[in-house]
Amino acid sequence: MMLVYPPIGLEINIQNDKVQTIVIENQKMFYEIADDIYRQINGINGDTVISENYVPLDLSKFADIITQFIPFTSNRKDILSAICSELKEKAVNGALYNATQELYTYIEKYLFDLLEDIDIETDICQPNDITGILKAFDLHIVETDKKLTEKLFEFIMASMKYKKRKVFITVGLRDYITDREAEDLFQSVLLNGITLICIESKATALLKHETRIIIDKDLCII
């Protein structure tokens, strides 16, 4: 996989067995590159190109960027919606189909019994899918008492599975975790075949599972 940012001639060959860190000491360039990637992930054209086998990836479909770590939650609307979509399919296929229909019938009877004595004419409609039931029971990813790196890894795995993302970019992650936590996280993502790119504003300890390039204040690439 390659990452290219033509305005400053940046070209990076991203290794499969390493997490790629990009240290950008120039504040203006730090913002411009991070913002360019963020905008592309949100469907706006930009300069950064991430390619696989020389074919550019559509970042809005295949990449995710993480810029906020306080607070950090895996319970993002897009992740939960993607999980709901898979569960909707599961509910009407195979062994669960009959159970789903029985559940609708039971809930419908319960609601008619509940409405029986009210003075206003009312009616209910059977739902098209189980989305409403999942929301009523507050479907969410459990995060209680988990470290930031644990929650981050769970988010990456969920995004990869349910949203088909293959590239993850963090901005400023190393300001929030220890070197040991970073090394454990890096090892976990690499074992799962995940491409992780960390954009940082300053150099920290170079870890075993990490490779790094530095863009200094004069935009020299080291």
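The values are calculated or read from the model by the stated rules, or taken from the named source; none is laboratory data. Only a predicted model underlies this, so the values are computations on that prediction, with no experimental measurement involved. With ideal geometry, Cβ positions are generated from the backbone for all residues, glycine too; neighbour counts draw on all protein chains shown.
Tabulated values for the structure
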{"quantity": "Residues of the stretch 188-205 that turn out to be farther than 28 Å from Glu89 by Cβ, exposed (fewer than 14 other Cβ atoms within 10 Å of the Cβ) and touching a residue at least 12 places away in the same chain (Cβ under 8 Å), as a count", "calculated": "3"}
{"quantity": "Of all residues in the stretch 47-60 being in contact with a helix residue (DSSP H, G or I) (Cβ under 9 Å, 6 or more places away or on another chain) and farther than 16 Å from Ile12 by Cβ, the one that is surrounded by the most Cβ atoms within 10 Å (Cβ to Cβ)", "calculated": "Ser60"}
{"quantity": "Restricting the stretch 1-35 to residues that are hydroxyl-bearing (Ser, Thr, Tyr) and surrounded by 15 or more Cβ atoms within 10 Å (Cβ to Cβ), the residue that is nearest to Ile214 (Cα to Cα)", "calculated": "Thr21"}
{"quantity": "Candidate set: the stretch 86-106, residues that are touching a residue at least 24 places away in the same chain (Cβ under 8 Å) and in a helix (DSSP H, G or I); chosen: the one farthest from Ala158 (Cα to Cα)", "calculated": "Leu103"}
{"quantity": "Cross-chain or 6+ apart pairs with Cβ under 6 Å, the stretch 131-142 first and assigned to a loop (DSSP other than H, G, I, E, B), then modelled with pLDDT of 85 or more", "calculated": "His140/Asn75; Ile141/Ser74; Ile141/Asn75"}
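Residues checked against (1) modelled with pLDDT under 90; (2) out of contact with any Leu (no Cβ under 7 Å at 6 or more places or on another chain):
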{"site": "Lys88", "(1), (2)": "yes, yes"}
{"site": "Leu96", "(1), (2)": "yes, yes"}
{"site": "Tyr104", "(1), (2)": "yes, yes"}
{"site": "Ile120", "(1), (2)": "yes, yes"}
{"site": "Ala136", "(1), (2)": "yes, yes"}
{"site": "Lys146", "(1), (2)": "yes, yes"}
{"site": "Thr149", "(1), (2)": "no, no"}
{"site": "Val171", "(1), (2)": "no, yes"}
